[in-house]
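S.K.: Sharing a structure, written as structure tokens. Questions coming.
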Amino acid sequence: MPQKTRQELLQKIKELELECNQLRQESKNTAYRDQYIREILDNIPAPIYLKDAQGNYKRVNKKYEELAGVKLADIVGKNDFDIFPQPVAELFQSQDKEVIQQGIPLEFEETVPLADGIHTYITSKFPLHGKDGAISAVGGFCTDITKRKLAEDAKEELIIGLQKAQ
């Protein structure tokens, strides 16, 4: 083997080792970023989720797991009909379709039966775009307004009672 070729191969090996080390470091950085994002999402006290454009769950946070009574490992790849009663699943899927059709963030008021009773949420849903620019997923987060709704209902009943008493 000529000396020049051997030297070229050694140089190429060094270049590949350097590239391999850079890729390892990038992979570590990505893993740390993913961990930070997971920790942030899991510590937000509102249910958060991500579904692909076909309505299959890709990610949920801890609060969503608690409220829906499922673990992330059990919900990934499933859709709303696998988790919720049919009327609720139909509502969620119709909202997702509306977000995809309009291509903009939208808010919805939802009433959902959960293990501890009926809850009312303001849910913000938004489209996420893939590399090609097409909508590839729908994300969302929910704000529980159950206590506020109950207080509003009680206030309304009180007003009606006072009006009748006059």
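S.K.: Would you check which residues across the stretch 63-86 are open to solvent by 60 Å² or more (accessible area, probe 1.4 Å), in contact with a Phe, Trp or Tyr (Cβ under 8 Å, 6 or more places away or on another chain) and aliphatic (A, V, I, L, M) and list them? Explain how you work it out, then say what you get.
M.R.: Of the residues in the stretch 63-86, the ones open to solvent by 60 Å² or more (accessible area, probe 1.4 Å) are 63, 66, 69, 71, 73-74, 76, 78, 81-82, 85-86.
Narrowing the set further to residues that are in contact with a Phe, Trp or Tyr (Cβ under 8 Å, 6 or more places away or on another chain) leaves 76, 78.
Passing the criteria: only Val76.
S.K.: Another question about this same structure. Determine the pairs where a residue that is farther than 14 Å from Ala89 by Cβ, located within the stretch 40-58, has a partner that is open to solvent by 40 Å² or more (accessible area, probe 1.4 Å) and hydroxyl-bearing (Ser, Thr, Tyr) with Cβ atoms under 7 Å apart, the partner being 6 or more residues away or on another chain.
M.R.: What qualifies is Ala46/Thr143; Asp52/Ser136; Ala53/Ser136.
S.K.: Failed condition for Arg148, given (1) basic (Lys, Arg); (2) within 18 Å of the chain's Cα centre (by Cα); (3) part of a helix (DSSP H, G or I), with all others met?
M.R.: (2)
S.K.: If you don't mind, another one. Scan the stretch 112-145 for residues that are modelled with pLDDT of 85 or more, open to solvent by 80 Å² or more (accessible area, probe 1.4 Å) and over 20 Å from the mean Cα position of the chain (by Cα) and jot them down.
M.R.: Ile118, Asp132 - these are the residues of the stretch 112-145 that are modelled with pLDDT of 85 or more, open to solvent by 80 Å² or more (accessible area, probe 1.4 Å) and over 20 Å from the mean Cα position of the chain (by Cα).
S.K.: While we're here: Please enumerate the residues belonging to the stretch 87-97 that are open to solvent by less than 40 Å² (accessible area, probe 1.4 Å) and among the acidic types (Asp, Glu).
M.R.: Asp96
S.K.: Identify, please: which residue in the stretch 51-101 is basic (Lys, Arg) and under 16 Å from Phe126 (Cβ atoms) and is, among those, farthest from the chain's Cα centre (by Cα)?
M.R.: Checked the stretch 51-101; the qualifying residue farthest from the chain's Cα centre (by Cα) is Lys97.
S.K.: How do the pairs read when you match residues in the stretch 96-112 that are under 24 Å from Pro85 (Cα atoms) and without any contact (Cβ under 8 Å) to a residue 40 or more places away in the chain with residues anywhere that are open to solvent by 70 Å² or more (accessible area, probe 1.4 Å) and part of a strand (DSSP E or B), using Cβ under 8 Å and keeping only pairs 6 or more apart or on different chains?
M.R.: Once the first residue is under 24 Å from Pro85 (Cα atoms) and without any contact (Cβ under 8 Å) to a residue 40 or more places away in the chain and sits in the stretch 96-112, its partners that are open to solvent by 70 Å² or more (accessible area, probe 1.4 Å) and part of a strand (DSSP E or B) give Thr111/Ile118; Val112/Ile118.
S.K.: Let me ask something else. How many residues does the stretch 44-59 hold that are surrounded by 21 or more Cβ atoms within 10 Å (Cβ to Cβ) and more than 10 Å from Phe141 (Cα to Cα)?
M.R.: Our first condition is that a residue be surrounded by 21 or more Cβ atoms within 10 Å (Cβ to Cβ); within the stretch 44-59, this holds for 47, 49, 51, 57.
From what is left, the residues that are more than 10 Å from Phe141 (Cα to Cα) are 51, 57.
Residues that pass the stated criteria total 2.
The values are calculated or read from the model by the stated rules, or taken from the named source; none is laboratory data. The shown structure was predicted, so the numbers you read here are calculated from the model rather than taken from an experiment. Positions of Cβ are backbone-derived with ideal geometry, glycine not excepted, and every protein chain shown enters the neighbour counts. When the accessible area is computed, the model is the full protein with side chains, heavy atoms only, and any ligands, DNA or RNA have been set aside. Shrake-Rupley method; radii C 1.70, N 1.55, O 1.52, S 1.80 Å.
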